[in-house]
Each structure stands twice: as structure tokens, then as C-alpha cells.
Amino acid sequence: MGSDPELEDIRRKKLQELRGNLAAEEQRAERQKTLEMQKKALLRQVLTTEARQRLNRIKLVKPQFAEGIELQLIQLAQSGRVRLPISDTQLKTILKNLQSPKREIKFRRI
């Protein structure tokens with residue numbers, strides 16, 4: 001039974017590794033939560049209520065697209081390139097400019 005101390009040592013190392021991974025994951029989640037709260041606070045200052053509601057509806061349908069828009073809106077506001085607060089109509093205009101042009105497909109019958 002000479003392998004029992006080795007086995008215990010391996011188990012102890014694995015347990016320490018798992019605890020370290022768990023702590024790192026908890027720290028990452030906490031940082032993500034803090035960043036999300038800061039972003040929400042900035043968006044509250046930058047957008048009117050109607051514009052925030054529109055952005056939240058977009059987030060339900062296209063989360064990645066909405067994330068990009070949120071970051072761009074924050075950057076626009078911080079750089080001073082847009083008047084604050086951004087209204088719903090201004091947000092619509094920004095969204096139209098960001099939206100990729102739709103390709104028109106025509107079928108010809110011969």
C-alpha cells in the first residue's frame with residue numbers, strides 16, 4: 001500500500017487546483033457583474049427612457065448586436081460627438097446608420 005500517500009497527494013493537489021479555479025471564476029464573475037452595472041449606469045445617463053426600452057427589446061432579439069450598440073453609444077457620449085440624452089428618434093437614426101444594407105434579390109423569369 002505504498003501508493004496511498006501518493007494517491008492522497010494527487011487528490012490534495014487536484015482539490016487545491018479546483019479551489020483555485022473556482023476562486024478565479026468567482027473573481028471573473030464579480031468583475032463582469034461590476035462592469036455590467038457600470039455600463040447600465042452610463043446608459044441610464046446617455047439614453048432617454050424610451051431609447052433604453054428600445055435597446056432592451058433589441059437585446060432580447062440580438063444580444064451581440066445590442067452589446068456592440070451599447071458600447072458604441074457609450075463611446076459616442078464620452079467623446080462628445082452626440083448630444084445627451086439620446087432620444088428614441090436619435091437612437092433609431094443611429095441604428096439605421098449601423099445596420100448593414102439589405103441586399104435586394106430579384107428573380108427573373110425567362
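The values are calculated or read from the model by the stated rules, or taken from the named source; none is laboratory data. What you are looking at is a predicted structure, and each value in this text was computed from that prediction instead of being measured. Backbone-built Cβ (ideal geometry, glycine too); neighbour counts: all protein chains shown.
What the table below lists for this structure:
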quantity	calculated
Members of segment 73-110 found to be under 23 Å from A41 (Cβ atoms), polar (S, T, N, Q) and at pLDDT 90 or above, listed by number	Q75, S79, S87, Q90
Every residue from segment 67-102 that is part of a loop (DSSP other than H, G, I, E, B), under 28 Å from Q38 (Cβ atoms) and basic (K, R)	R81, R83
Unmet requirement for I105, which otherwise passes all of (1) of a type in the set (A, V, I, L, M, F, W, C); (2) over 13 Å from the mean Cα position of the chain (by Cα); (3) part of a helix (DSSP H, G or I)	(3)
Residue match in segment 12-25 (condition: exposed (fewer than 10 other Cβ atoms within 10 Å of the Cβ) and assigned to a helix (DSSP H, G or I))	no
